[in-house]
There are 2 protein chains.
Amino acid sequence: MARVSRLIQGGVTSAQGFLASGVHCGIKPQKKDLALVFSRAPAAAAGVFTTNKVKAAPVLLDIERIRSGRGQAVVLNSGNANACTGEQGMRDAREMAQLTAQSLEIAEELVYVCSTGVIGRPLPMDAVRRGVREAVKLLGPDGASAAEAIMTTDTVPKAAAVQVSIGGQVVTVGGMTKGAAMIHPQMATTLSVLTTDAAVAPPVLQAALRRAADLSFNRITVDGDRSTNDTILLLANGEAGVPEISGPGEPLDAFQEALVTVAVTLAKMVARDGEGATKLIEVTVRGAQSEEDAHRAALAIASSQLVKTSIHGGLPIWGRIMCAAGYSGAEVQTDRASIRIGPVLVAERGGPAGDPESLEAAARHLAGDDVQVTVDLGLGRGEATVWTCDLTEGYIKENAGTIT
Amino acid sequence: MARVSRLIQGGVTSAQGFLASGVHCGIKPQKKDLALVFSRAPAAAAGVFTTNKVKAAPVLLDIERIRSGRGQAVVLNSGNANACTGEQGMRDAREMAQLTAQSLEIAEELVYVCSTGVIGRPLPMDAVRRGVREAVKLLGPDGASAAEAIMTTDTVPKAAAVQVSIGGQVVTVGGMTKGAAMIHPQMATTLSVLTTDAAVAPPVLQAALRRAADLSFNRITVDGDRSTNDTILLLANGEAGVPEISGPGEPLDAFQEALVTVAVTLAKMVARDGEGATKLIEVTVRGAQSEEDAHRAALAIASSQLVKTSIHGGLPIWGRIMCAAGYSGAEVQTDRASIRIGPVLVAERGGPAGDPESLEAAARHLAGDDVQVTVDLGLGRGEATVWTCDLTEGYIKENAGTIT
């Protein structure tokens, strides 16, 4: 895909006609815990949801509502996932949407709900009720508070926006996300709200979001777990005044590229901010027999605890990379495979390459914050990239020491 | 399978007619690094090998040889995997077998080779040559040195033996193994040598070993990686003087049970001794729609970094267990699933069970060295057990700090 969009400072409110807010209502002891995103006009809506068979109540509600292809607001809370909460959980999710609709004076069916946090505890609805009223009052053009209010173990809020020219007019796509652990393709405790002032027909919007998710949030892995709550929602309100995109053509291509850019930017932020992580690791596999094979091999490498731990330690142990490719299910012929760590060739034709100085150069690359691992399987033209982070003592401390 | 065998003190030399030795030859700086197992009489042989597409040279050699169904000796080294070593690696594996055969004065085709350790470095053949000669000289009835010489990051040597009565006579099955990290079904850097003085026809022996591996080494996971070198070899020399087992019947049932008992005992030793591990975790899923579904769900739970880390921290976060079952691919209906931690019911019908005291009791169970997690999916009769260990800072330190 040719790059046509450009990144700008911004987030979920960068597109015209979107407002947001984030408040502390008491689900968490101190930090902001409830966010609201609102489009002044009703919008086309699309959603991608967790494939986990254990789905949280808000996910079940959103899956039901997204069929309409319409939406106007998303209310999100952190600190409690409203998952494994039975009938009460469904009632609470519905009430959260109702309250939001009433306060915003819009139809209830246009409100989506997202929750993230601890599983198996009822939502503290008194706090949620207070939070919704407050969030509606505080709606404004700055998306920063909303991005902050959806954080769980994230260390930084995550937002991005791009602009792209469609038919000579500027269209903006923006968004916010949260992640940290339980991040794995299909998908993660990822909550993402994306917004655009393009006008896009709902089925086209859904297909564009699916494609963007497949190239971004479905290509990151932190710890292999997939959550009960993962949700990506996209609202397109048409406020830029560009004609509706209703099928293939240059406008859709430009919009798709912009959407993928925002989604990939956000997904990489999630991978980099994995619990305890100190590095973003980009694993590219090329020369595979197919794109699927490339994806399989890249994912196995990026998911390997041994690979991630050795990169944390700055150790260029390429055998662990080769081994992970070997068990990925992708076709691998050892004597055709080569591996680069950063720019440094460390293995070729299935065996060691270069000299001891190569390994030293590879170790220097691993010492940085951005690590590239490139495997060429030497078999075909399939290529795929997956992003992950290193596995550290910090991950263990975070997950063995606290209930989040 | 009814339990008919009984565990005895012993290992790879407990069955009649087997000798073993373990020596230090210089592949590793100080510790024992070369082992030999020898049957005084030629034996029936069976083998199960890694499914990794990147297979080490000795694995390729053994796969070729096992077709004969015959064997008499296994030579093993630690400290170097002889994997990703190309043509030279194959020559070295062959020479290792040749030297062993010459020193033992047996046919070369009856010798199997196993290697474990670092990938991508040529075997130091001078050391190996010295080691083989020395190991042949030191062959004796004690298997302890051999079990020690195959250790890599293992903290303890691993051996087990059982006796079972077949046709009124005592038959012994024994074995040794090594593991630690890169342990995952299909299979692990597991090297295992099993021995028996039963007489078993090679095809029957192969089927029995496959079944035993499926219920033991293929049911443990430490970190999800599968190695280039995994090998389980079984020699049956008939020295107990019992008629050959050549097909179904009581003798095969008794032998199979004994073999499974040894294999499960060894596999659990491997899981308990996972790198950095402080606990053995037994995950049982029952009430699944099928045995495959039960296995899938148990494996997903046992592989979940979040589950393993929270158990390390003594935290009964059952939501992580439910979540892992949900993404396992097994059929799960949240409102029918229940979870026990040890004897304590912590979740039922997909939601919390019991009172705060239940969680305290569950936390007390998690504080012990042996943790049981039992999930009842409430859907059918499928049941499976998988063993794993907790995930700790020790794992990270071990794998980020040293090249092993």
key: Alpha-carbon gyration tensor eigenvalues x 5, square-rooted, for chain A, Å   = 38, 24, 17
query = Taking a point 7 angstrom from the Cα of A:ALA41 along the C-beta vector, which residues in region A:121-156 have backbone N less than 19 Å away?
reply = A:141
remark   = Computed over the protein assembly as shown, the distribution of all Cα-Cα distances in 20 Å bins, rounded to whole %, is 16, 44, 29, 10, 1
Rounded FRET efficiency, nearest 0.05, which uses the C-beta distance separating B:ALA207 from A:MET90 and R0 of 60 Å = 0.75
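Could you tell me what a quarter of the Cα convex hull surface of region A:280-401 works out to, in nm² with one decimal place?
Details: hull surface 27.4 nm².
Over all viewing directions, region A:280-401 projects a mean Cα-hull area of 6.8 nm².
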ask   = Can you list the HN-Hα couplings for region A:7-22, worked out from phi with the Karplus curve (6.51, -1.76, 1.60; θ = phi - 60°), rounded to whole Hz and with x for Gly and Pro?
value = 5, 10, 5, x, x, 6, 10, 6, 5, 5, x, 10, 10, 8, 7, x
remark   = For chain B, the longest principal axis of the Cα atoms and the Cα long axis of helix B:291-303 enclose an angle in degrees, to the nearest 10, of 90 degrees
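222 nm [θ] for chain A, helices only, -39500 (n - 2.57) per DSSP H run of 4+, per residue, to 500?
That comes out to -10500 deg cm²/dmol.
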request  = Any chance you could run the full-extension gain for B:ARG381 through B:GLU105? It's 0.36 nm times the residue separation minus the Cα-Cα distance, nm to one decimal.
outcome  = 94.0 nm
request  = Give, rounded to the nearest 20 debye, the magnitude of the charge dipole that the protein assembly as shown has about its Cα centre when Lys and Arg contribute +1 at Cβ and Asp and Glu contribute -1 at Cβ.
outcome  = 220 debye
ask   = Which residues does a label at B:GLU292 reach in region B:191-221, if reach means a backbone N under 16 Å from a point 7 Å past the Cα toward the Cβ?
value = none
inquiry  = What lysines does B:LYS53 reach when the alpha-carbon gap must be under 25 Å and sequence neighbours fewer than 8 apart in one chain are set aside?
reply    = A:LYS308, B:LYS178
request  = Could you tell me which of rounded, prolate or oblate describes region A:348-404, using a ≥ b ≥ c as the square roots of the eigenvalues of the alpha-carbon gyration tensor, with rounded for a/c under 1.5 and, failing that, prolate when a/b is larger than b/c and oblate otherwise?
outcome  = oblate
message = Whole angstrom only: what separates the Cα centroid of region A:359-404 from the Cα centroid of region B:145-175?
response = 39 Å
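No lab work stands behind these numbers, since they all come straight from the coordinates. In this text the structure is predicted, and so the values were computed from the model without any measurement. When we count neighbours, we look across all protein chains shown, and the Cβ atoms used for this are built from the backbone with ideal geometry, even at glycine.
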